[in-house]
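The values are calculated or read from the model by the stated rules, or taken from the named source; none is laboratory data. Everything quoted here is computed from the prediction, not taken from an experiment. Because the Cβ atoms are built from the backbone with ideal geometry, glycine has one as well, and the counts that use them run over all protein chains shown.
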Amino acid sequence: MHAVGQCDTPSKGVLSLAQQEAEARGGKFLVSGFILLAAVSRGDEISKRLVSAIGAAPDAIAGAVEAEWQSASQHRQDVPATLVNQGINEVVNAQPITGRSMVERLIAVMLAHETSMASRVLGRLGIAPQDVAHRLNTPA
């Protein structure tokens, strides 16, 4: 079974929204920036915790995602290109963090890579990705 099949329901919903976002922009693959955008835009409890950990409003994050998407090759938005799959596998196989969802843990994994689209998005907002990753890796 692919690791996505082992994700919880909120994670599957975020991944689905992120894929729709990518396809709407002509992309074919999930990238960390679209996962970040999907996760903060849902308006659920996970989204609220993410927005709090990041310290930026969803519309500001959306603007930074758009700017980042337009600034670089659409085929090299995450380095390594397999970052999302690696992150999903890592989260599925890791011990849970008390009070943290799989979505939060996946975003923390992606933010640990300074070459991820999600990290560059937060950088555009003047936010240190590693600080957000640390907050998301701390039990709630």
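Please work out which residue is nearest to Glu23 (Cα to Cα), limiting yourself to the range 72-84 and to residues that are at pLDDT 85 or above, buried (at least 16 other Cβ atoms within 10 Å of the Cβ) and not charged (D, E, K, R).
Checked the range 72-84; the qualifying residue nearest to Glu23 (Cα to Cα) is Val84.
Out of all the residues in the range 4-18, is one or more part of a helix (DSSP H, G or I), modelled with pLDDT of 90 or more, in contact with an Asp or Glu (Cβ under 9 Å, 6 or more places away or on another chain) and buried (at least 21 other Cβ atoms within 10 Å of the Cβ)?
Checking the range 4-18: not a single residue is part of a helix (DSSP H, G or I), modelled with pLDDT of 90 or more, in contact with an Asp or Glu (Cβ under 9 Å, 6 or more places away or on another chain) and buried (at least 21 other Cβ atoms within 10 Å of the Cβ).
Taking the condition assigned to a helix (DSSP H, G or I), of a type outside the set (S, T, N, Q) and touching an Asp or Glu at 6+ places or on another chain (Cβ under 8 Å), does Ala38 pass?
In short, yes.
Kindly provide the set of residues from the range 21-40 that are modelled with pLDDT under 95 and out of contact with any Phe, Trp or Tyr (no Cβ under 8 Å at 6 or more places or on another chain), ordered by number.
Glu23, Ala24, Gly26, Lys28, Phe29, Leu30, Val31 - these are the residues of the range 21-40 that are modelled with pLDDT under 95 and out of contact with any Phe, Trp or Tyr (no Cβ under 8 Å at 6 or more places or on another chain).
So how many residues does the range 24-42 have that are within 19 Å of Thr82 (Cβ to Cβ) and charged (D, E, K, R)?
Total satisfying the criteria: 1.
Counting only residues that are free of Cβ contacts under 8 Å to residues at least 12 places away in the same chain and within 24 Å of Arg120 (Cβ to Cβ), how many does the range 21-50 have?
So the answer is 5.
Evaluate the range 113-135: report whether one residue or more is free of Cβ contacts under 8 Å to residues at least 40 places away in the same chain, over 18 Å from Leu17 (Cβ atoms) and acidic (Asp, Glu).
yes
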